[in-house]
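Engineer: Got a structure here, written out as structure tokens. Questions coming.
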Amino acid sequence: QVQLVESGGGSGQAGGSLRLSCAASGGTFSNYNVGWIRQAPGKEREVVSATWRSGGSFYSGSVKGRFTISRDNRKNTVYLQMNTLKPEDTGVYYCAAEQYRDYVVRTDSWSYWGQGTQVTVSS
């Protein structure tokens, strides 16, 4: 069973950048798909990005071109580089992992979750 810990959240200005990290332990990290799920105030959770264990990545339309996901399997860490931040990027960002379901971006398709990290973007 994998454990996930997010870090790197905080406050930023519109147009700025933040980088989130998700450190994993307790499993063979390269065997897992890893996603970033955002819970914005008053909105449903949204998978904003994911990196697949077989390669490739996913971005939602709201972040495509601004966010970049990457993974370092040697460090058991996934990163989310967030550029050109917008106030609507505000929310709690959860790192989540799934070992058996590939290329599924539903928020209910992830088996393991971190505790979340708050991102607040001001205009």
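Engineer: Of all the residues that make up segment 91-121, how many are surrounded by fewer than 19 Cβ atoms within 10 Å (Cβ to Cβ) and not in a strand (DSSP E or B)? First the steps, then the outcome.
Structural biologist: The first filter runs over segment 91-121 and keeps only residues surrounded by fewer than 19 Cβ atoms within 10 Å (Cβ to Cβ), leaving 92, 99-109, 111-113, 115-116, 118, 120.
If we keep only those that are not in a strand (DSSP E or B) as well, we get 99-109, 111, 115-116.
Of the residues in segment 91-121, 14 are surrounded by fewer than 19 Cβ atoms within 10 Å (Cβ to Cβ) and not in a strand (DSSP E or B).
Engineer: Could you list, in sequence order, the residues of segment 15-40 that are out of contact with any strand residue (DSSP E or B) (no Cβ under 7 Å at 6 or more places or on another chain), in a loop (DSSP other than H, G, I, E, B) and open to solvent by 50 Å² or more (accessible area, probe 1.4 Å)?
Structural biologist: Gly15, Thr28
Engineer: Please specify each residue of segment 18-57 satisfying the condition of being over 13 Å from the mean Cα position of the chain (by Cα), among the small types (Gly, Ala, Ser) and more than 14 Å from Gln118 (Cα to Cα).
Structural biologist: Ser25, Gly26, Gly27, Ser30, Gly42, Ser54, Gly55, Gly56
Engineer: So for segment 66-77 (the condition being more than 18 Å from Gly8 (Cβ to Cβ), loosely packed, with under 15 Cβ neighbours inside 10 Å and in contact (Cβ under 8 Å) with a residue 12 or more places away in the chain), does at least one residue qualify?
Structural biologist: yes
Engineer: From Lys64, Lys75, which residue is out of contact with any helix residue (DSSP H, G or I) (no Cβ under 9 Å at 6 or more places or on another chain), basic (Lys, Arg) and in a loop (DSSP other than H, G, I, E, B)?
Structural biologist: It is Lys64.
Engineer: To continue, here is another question. Restricting attention to segment 50-61, and to residues there that are open to solvent by 30 Å² or more (accessible area, probe 1.4 Å) and in contact with a strand residue (DSSP E or B) (Cβ under 7 Å, 6 or more places away or on another chain), which single residue is nearest to Glu98 (Cα to Cα)?
Structural biologist: Filtering first and then ranking leaves Arg53.
The values are calculated or read from the model by the stated rules, or taken from the named source; none is laboratory data. As the structure is a computational prediction, the values presented were derived from the model and not from experiment. All Cβ positions, glycine included, derive from the backbone under ideal geometry; neighbour counts span all protein chains shown. With ligands, DNA and RNA removed, areas are computed over all heavy atoms of the protein, side chains included. Shrake-Rupley method; radii C 1.70, N 1.55, O 1.52, S 1.80 Å.
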